[in-house]
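Q: One structure coming up, written as structure tokens, with questions to follow.
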Amino acid sequence: MKFLVRVVSIIILTSLITGCETTEIRKAMVHFDRAFIPVLAYTYEGDIHQAKRSVFYLEFQWQKVKKQYQGYLPDEKERLNRVDNWLGDAYFAIDANKPLTAANQLEHVKYEFMELRRKYGVDYYLDGLYEFQDAIALLAEAAEDEMMCLMEWGEYEHLLYQAMDDWQAIRAKKLDAELFEFDEARLRQLVAKQDAMQAVLDQYAETFSCANRKQLAIASQSLQPVFFDVLILFGNFEASQTYFAQK
């Protein structure tokens, strides 16, 4: 009975955030990610100086988004509190010059928003990119492990070709250029960066076919940097620096 009540509640909530409110929620998500992605990218790069400069703009956007979500999704208070805590931990790690720790905390933030969108059926282009990031991170982690994370070679092959199929699906999906504020020049950049990611994946598959784990481990190091070349197009790096300068 409790399960049925919960399902009905979710259906009611979903119906309440349709139309205009759904559009506003998506815009809030985009504004958040435009501030979030620079901090995420800098922490993965280990550029702690730039990460410290970018957290001010991220926190500014988060406070705006949180206020909107508190109005639209009052039942998500616990989730919003978790995001608050993860961000706070990330800021602390950045201030302590621990970019890898900060990146881990930011990944939790990313997952909270992905789960929120999944719960309410909100279609969001960046979720495909975030899921692909996880897929290539697993490929790299396994390739760099001498035991291949105890995977069978066939299991790894399945993960690789699944990631390649996922990338094709991302490329085939139409981007809402207006929502993400992409002009024609930025759209051309996106296509070029996607082509580069495809080329790296194809090369990686060729390396895999040689069945040499050491070569595969070396090749795996190229996956994430090229992926971030795609992802950073969705970040507002200029605003991150400008907001810092106003502080």
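The values are calculated or read from the model by the stated rules, or taken from the named source; none is laboratory data. All values reported here derive from a predicted model rather than from experimental measurement. Positions of Cβ are backbone-derived with ideal geometry, glycine not excepted, and every protein chain shown enters the neighbour counts.
Q: Given the criterion surrounded by 14 or more Cβ atoms within 10 Å (Cβ to Cβ) and modelled with pLDDT of 95 or more, identify the matching residue among 208, 244, 227, 237. Quick ask: steps written out before the conclusion?
A: Details: 208 fails: modelled with pLDDT of 95 or more; 244 fails: modelled with pLDDT of 95 or more; 237 fails: modelled with pLDDT of 95 or more.
227 is the lone residue from the list that is surrounded by 14 or more Cβ atoms within 10 Å (Cβ to Cβ) and modelled with pLDDT of 95 or more.
Q: Tally time: how many residues in the stretch 22-59 are surrounded by fewer than 17 Cβ atoms within 10 Å (Cβ to Cβ) and within 19 Å of the chain's Cα centre (by Cα)?
A: Residues that pass the stated criteria total 5.
Q: Can you find even one residue in the stretch 65-74 that is closer than 30 Å to residue 172 by Cβ and of a type outside the set (S, T, N, Q)?
A: Residues of the stretch 65-74 closer than 30 Å to residue 172 by Cβ: 65.
Remaining after also requiring of a type outside the set (S, T, N, Q): 65.
Yes; the residues of the stretch 65-74 include at least one that is closer than 30 Å to residue 172 by Cβ and of a type outside the set (S, T, N, Q).
Q: Exactly one of (1) exposed (fewer than 13 other Cβ atoms within 10 Å of the Cβ); (2) assigned to a helix (DSSP H, G or I); (3) at pLDDT below 95 is unmet by residue 216. Its number?
A: It is condition (1) that residue 216 fails.
Q: Would you please list the contacts, defined by Cβ atoms under 6 Å and residues six or more apart or on different chains, that run from a residue in the stretch 100-121 that is of a type in the set (S, T, N, Q) to a residue that is surrounded by 15 or more Cβ atoms within 10 Å (Cβ to Cβ)?
A: Pairs that qualify, where the first residue is of a type in the set (S, T, N, Q) and the partner is surrounded by 15 or more Cβ atoms within 10 Å (Cβ to Cβ), are 101/93; 105/86; 105/89; 105/90.
Q: Among the residues of the stretch 47-54, are any over 20 Å from residue 231 (Cα atoms), outside the structural domain of residue 133 (by TED's automatic domain parsing), assigned to a helix (DSSP H, G or I) and of a type in the set (Val, Ile, Thr)?
A: Looking for residues that are over 20 Å from residue 231 (Cα atoms), outside the structural domain of residue 133 (by TED's automatic domain parsing), assigned to a helix (DSSP H, G or I) and of a type in the set (Val, Ile, Thr), one finds none in the stretch 47-54, hence no.
Q: In the stretch 197-237, what residues are over 19 Å from the mean Cα position of the chain (by Cα) and either aromatic (Phe, Trp, Tyr) or within 27 Å of residue 54 (Cα to Cα) (or both)?
A: 204, 208 - these are the residues of the stretch 197-237 that are over 19 Å from the mean Cα position of the chain (by Cα) and either aromatic (Phe, Trp, Tyr) or within 27 Å of residue 54 (Cα to Cα) (or both).
Q: Would you confirm whether or not the stretch 146-168 contains a residue that is in contact (Cβ under 8 Å) with a residue 40 or more places away in the chain and exposed (fewer than 12 other Cβ atoms within 10 Å of the Cβ)? Steps first, please.
A: Of the stretch 146-168, the ones in contact (Cβ under 8 Å) with a residue 40 or more places away in the chain are 146, 148, 153, 156-157, 160-161, 164.
Pick out the ones that are also exposed (fewer than 12 other Cβ atoms within 10 Å of the Cβ) and you get 146, 153.
Yes: one or more hits.
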